[in-house]
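Have a look at the structure below, then the notes.
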Amino acid sequence: GGGGMFNYESSPVVLNCTFVANRTDGSGGGMYNCTASPIVKNCAFMDNGAGSGGGGAGGGMLNLEQSNPIVEDCLFWSNGTMHGGGMYNGNSSPSIRNCYFIDNTGHKGGGGIRNSYSNPLVENCTFAWNSSIAGGGGMSNSASSPNVAGCLFAHNRSLRNGGAMGNYGQSDPSIEGCTFTANTSINYPGGIHSSSGSYARLSNCILWANDPGELGGETATVAYSNIQGGYEGEGNIDEDPCFVMPGHYDASDGWVDGDYHLLSSSPCIDA
């Protein structure tokens with residue numbers, strides 16, 4: 001494990017570093033933390049891979065056994081493995097702020113991040129173009145209750161169980177001030193899906209233009225949110241959020257990324 005770096009019972013400070021194209025037959029393609037809590041800032045994890053025979057976890061970063069790193073201003077781009085393409089957290093609760101998870105692949109769950117028995121803080125992060133087969137193209141939670149705040153989930157995809165986020169095994173994520181848009185799945189909501197025993201709590205969120213739908217599975221608690229098609233709860237609305245520019249396909253340029261800030265005319269402002 002640890003194609004680029006392995007930290008055991010240690011807490012290095014890792015600043016302004018790039019982990020690119022590292023490989024391991026085990027887990028933790030870029031960095032493997034075991035009972036370790038490094039500070040990782042302004043780093044890039046790109047094109048790292050982990051696992052052979054279907055057992056790999058944490059293509060970009062793996063955190064196990066009470067590893068609680070601080071990860072800020074980092075890029076996780078095009079990493080791949082079976083579980084947690086960008087990052088896998090097992091019995092760990094890192095603080096993840098101002099990070100980008102772009103085009104990562106976690107075949108068996110969590111293209112961007114997979115949490116298992118973990119309660120990380122994920123704040124002001126972007127999840128885009130991540131993919132999974134088993135579910136949770138952007139984020140997959142199993143027996144986990146992350147706090148997710150101020151994040152954008154756009155254009156993530158999975159074959160089942162939530163294009164943007166999938167919750168399983170009595171997970172109870174708290175989701176505040178997040179936007180979910182243009183995520184896709186097959187037969188399950190493109191936005192958020194919570195399987196039996198799991199329960200998502202949302203406030204001040206926007207779920208719009210996910211395919212085939214916004215929320216599904218177990219009942220979610222939703223308040224002061226804009227949900228396409230409507231959803232029961234205090235202060236919820238069902239109106240075009242008026243993004244500055246949704247992503248779109250162009251005949252000559254292919255996919256053009258969107259700007260998901262709100263226009264001044266948006267019904268979500270102060271609502």
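The values are calculated or read from the model by the stated rules, or taken from the named source; none is laboratory data. It should be emphasised that the depicted structure is a prediction, and the values quoted were computed from it without experimental measurement. Glycine gets a Cβ as well: all are built from the backbone with ideal geometry, and neighbour counts include every protein chain shown. Remember, those area values only see protein heavy atoms, side chains included, never the ligands or the DNA or RNA. Shrake-Rupley method; radii C 1.70, N 1.55, O 1.52, S 1.80 Å.
Within region 35-80, which residues are polar (S, T, N, Q) and in contact with a Lys or Arg (Cβ under 9 Å, 6 or more places away or on another chain)?
From region 35-80, those polar (S, T, N, Q) are 35, 37, 42, 48, 52, 63, 66-68, 78-79; that's our starting set.
Correct list: N48 only.
What number of residues within region 172-218 are touching a Gly at 6+ places or on another chain (Cβ under 8 Å), in a loop (DSSP other than H, G, I, E, B) and open to solvent by 60 Å² or more (accessible area, probe 1.4 Å)?
Summing the residues that are touching a Gly at 6+ places or on another chain (Cβ under 8 Å), in a loop (DSSP other than H, G, I, E, B) and open to solvent by 60 Å² or more (accessible area, probe 1.4 Å) in region 172-218 gives 5.
Out of curiosity, is G233 closer than 18 Å to M139 by Cα and in a loop (DSSP other than H, G, I, E, B)? Spell out the reasoning first.
On the way: closer than 18 Å to M139 by Cα: no; in a loop (DSSP other than H, G, I, E, B): yes.
Taking the combined requirement at face value, the residue does not satisfy it.
Looking at region 247-271, which of the residues that are open to solvent by less than 40 Å² (accessible area, probe 1.4 Å) and in contact (Cβ under 8 Å) with a residue 40 or more places away in the chain is nearest to R160 (Cα to Cα)?
Only one residue tops the list, namely G247.
Of these, A200, A209, A164, which one is within 16 Å of S131 (Cβ to Cβ) and touching a strand residue (DSSP E or B) at 6+ places or on another chain (Cβ under 7 Å)?
Details: A200 fails: within 16 Å of S131 (Cβ to Cβ); A209 fails: within 16 Å of S131 (Cβ to Cβ).
So the residue among A200, A209, A164 that is within 16 Å of S131 (Cβ to Cβ) and touching a strand residue (DSSP E or B) at 6+ places or on another chain (Cβ under 7 Å) is A164.
When you check V244 against the structure, is it without any contact (Cβ under 8 Å) to a residue 12 or more places away in the chain, touching a Phe, Trp or Tyr at 6+ places or on another chain (Cβ under 9 Å) and of a type outside the set (K, R), yes or no?
Numbers: without any contact (Cβ under 8 Å) to a residue 12 or more places away in the chain: no; touching a Phe, Trp or Tyr at 6+ places or on another chain (Cβ under 9 Å): yes; of a type outside the set (K, R): yes.
Taking the combined requirement at face value, the residue does not satisfy it.
Output the strands (runs of 3 or more DSSP E) that fall wholly within region 1-67 and possess 2 or more residues being surrounded by 22 or more Cβ atoms within 10 Å (Cβ to Cβ), or say none. Quick ask: steps written out before the conclusion?
On the way: elements: 5-8, 13-15, 18-20, 31-34, 39-41, 44-46, 61-64.
So the answer is 31-34, 61-64.
Scan region 219-226 and tell me whether some residue there is open to solvent by 10 Å² or more (accessible area, probe 1.4 Å), under 22 Å from G56 (Cβ atoms) and in a loop (DSSP other than H, G, I, E, B).
Looking for residues that are open to solvent by 10 Å² or more (accessible area, probe 1.4 Å), under 22 Å from G56 (Cβ atoms) and in a loop (DSSP other than H, G, I, E, B), one finds none in region 219-226, hence no.
Checking the condition over 18 Å from P120 (Cβ atoms), modelled with pLDDT of 95 or more and touching a Cys at 6+ places or on another chain (Cβ under 7 Å), which residue from C17, C99 passes?
Working: C99 fails: over 18 Å from P120 (Cβ atoms).
Matching residue, one of C17, C99: C17.
So, in region 130-152, of the ones that are in a loop (DSSP other than H, G, I, E, B) and open to solvent by 10 Å² or more (accessible area, probe 1.4 Å), which residue ends up farthest from A220 (Cα to Cα)?
At the first step, the residues of region 130-152 found to be in a loop (DSSP other than H, G, I, E, B) are 130, 133-138, 143-146, 150-151.
Subset that is open to solvent by 10 Å² or more (accessible area, probe 1.4 Å): 133-134, 143, 145, 150.
Values: I133: 23, A134: 21, A143: 16, S145: 14, G150: 19 Å.
Per the stated criteria, the residue is I133.
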